[in-house]
1. Among the residues of segment 247-273, write down those that are open to solvent by less than 70 Å² (accessible area, probe 1.4 Å) and of a type in the set (D, E, K, R).
2. What are the residue pairs meeting all of these: first residue in segment 35-49, first residue at positive phi and modelled with pLDDT of 95 or more, second residue assigned to a strand (DSSP E or B) and surrounded by fewer than 21 Cβ atoms within 10 Å (Cβ to Cβ), Cβ atoms under 7 Å, and 6 or more apart or on different chains?
3. Of the residues that sit in segment 182-216 and are closer than 16 Å to PRO164 by Cα and among the small types (Gly, Ala, Ser), which one is most open to solvent (accessible area, probe 1.4 Å)?
4. Just to verify a result, which residue in segment 77-118, among those that are among the polar types (S, T, N, Q) and within 18 Å of PRO56 (Cβ to Cβ), is nearest to ligand 2 (Cβ to nearest atom)?
5. Only one residue in PRO56, PRO27, PRO60 is modelled with pLDDT of 95 or more, away from ligand 2 (no atom under 16 Å from the Cβ) and in contact with an Asp or Glu (Cβ under 8 Å, 6 or more places away or on another chain), so which one is that?
6. If I ask for residues that are open to solvent by 50 Å² or more (accessible area, probe 1.4 Å) and either without any contact (Cβ under 8 Å) to a residue 60 or more places away in the chain or under 19 Å from GLN79 (Cβ atoms) (or both), which ones from segment 230-246 would you list?
7. Hey, does segment 66-84 have a residue that's more than 24 Å from GLU29 (Cβ to Cβ) and modelled with pLDDT of 95 or more?
8. Is it the case that some residue within segment 76-95 is over 19 Å from MET269 (Cβ atoms), away from ligand 1 (no atom under 16 Å from the Cβ), among the aliphatic types (A, V, I, L, M) and touching a Ser or Thr at 6+ places or on another chain (Cβ under 7 Å)?
Amino acid sequence: MDKLIITAALTGAEVTLKDNPNLPITPRELADAAVAACDAGASIVHLHVREEDGSPSLSPDLFKETSRLIRARSDVILQFSTGGAVGMTGEERMRHLSLRPEMATLSSGSINFGADVFLNPQGMIEALAGEMQKLGITPEIEVFDIAMIRNALRLVKKGLLSFPLHFDFVMGVEGGIPASMKNLLFLSEAIPQGCTWSVAGMGRDELPMAVGAILLGGHVRVGLEDNIYYSRGVLAESNAQLVARVARISADLGRELAGPGEARKILNMRSVIQTNVLQKSS
Ligand code: KMH
Ligand code: ZN
């Protein structure tokens, strides 16, 4: 089994400070959260940014500043969200890719998302995949339901994605695949051999899905984007607290953690740590 890669999903687009006052908002808060999560065992940070008032954003300037602050202190893999928040346009969701992060998410289908619709029509998925390919960005395929695996494989046939792919199974979204061990096994067995996967369980499903992934040889995503609680009725103090628990359980189960350099190798990332605008000296 490969070493375990933990991704910290720091802030997302939906959670508010009212939900959990420990949510990082500003570039500096996001950078502090990223460094602390990395110190706790994360090797990837999944990044969304927020405007000063806390509203969800895909501002390239905010991504640039946040990335610069993180990169000055850590070699953690920066994974930009291209999902943003429901209702954001394809154009908005693509602009920040010009900063050439090492990695970015690619949601490969549309779903109901609570009361909203997270819209990812085929043309938008292809445009995002094409842009990532052009810029040498490693995609993480966000799978909210089983059909999204098939959609991603169709993009391989079209030459817009290439094997081995890395998938993230997002489980327990209202409108997506429910989080259960049976479904986790189902998804993990539905991807082609040689591909890698992680799981992001929503809310109370975060921890059981994480443990399932540790045992099955997958990887784990945790963080305040997905889950604001540490335990029933107890708010999480930080992203690092959620990461540290997964690191502890993995150690107890005998699976070592991958650092950022090892994670790059496990995920067959072409990039080494980027030498472009995101670096400290720029
Ligand atoms: N906020 C969700 C609508 C991603 O980051 O790529 C989409 C999302 C997926 O969070
Ligand atoms: Zn996200």
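1. Result: ARG255, ARG264.
2. Once the first residue is at positive phi and modelled with pLDDT of 95 or more and sits in segment 35-49, its partners that are assigned to a strand (DSSP E or B) and surrounded by fewer than 21 Cβ atoms within 10 Å (Cβ to Cβ) give GLY41/LEU257.
3. GLY194
4. It comes out as SER81.
5. Just one listed residue meets the conditions, PRO27.
6. TYR230, SER231, ARG232, GLY233, VAL234
7. Scanning segment 66-84 turns up no residue that is more than 24 Å from GLU29 (Cβ to Cβ) and modelled with pLDDT of 95 or more.
8. no
The values are calculated or read from the model by the stated rules, or taken from the named source; none is laboratory data. Just so we're clear, the structure is a prediction, and the values are computed from it rather than from any experiment. So basically every Cβ, Gly included, is an ideal-geometry build from the backbone, and we count neighbours across all protein chains shown. When the accessible area is computed, the model is the full protein with side chains, heavy atoms only, and any ligands, DNA or RNA have been set aside. Shrake-Rupley method; radii C 1.70, N 1.55, O 1.52, S 1.80 Å.
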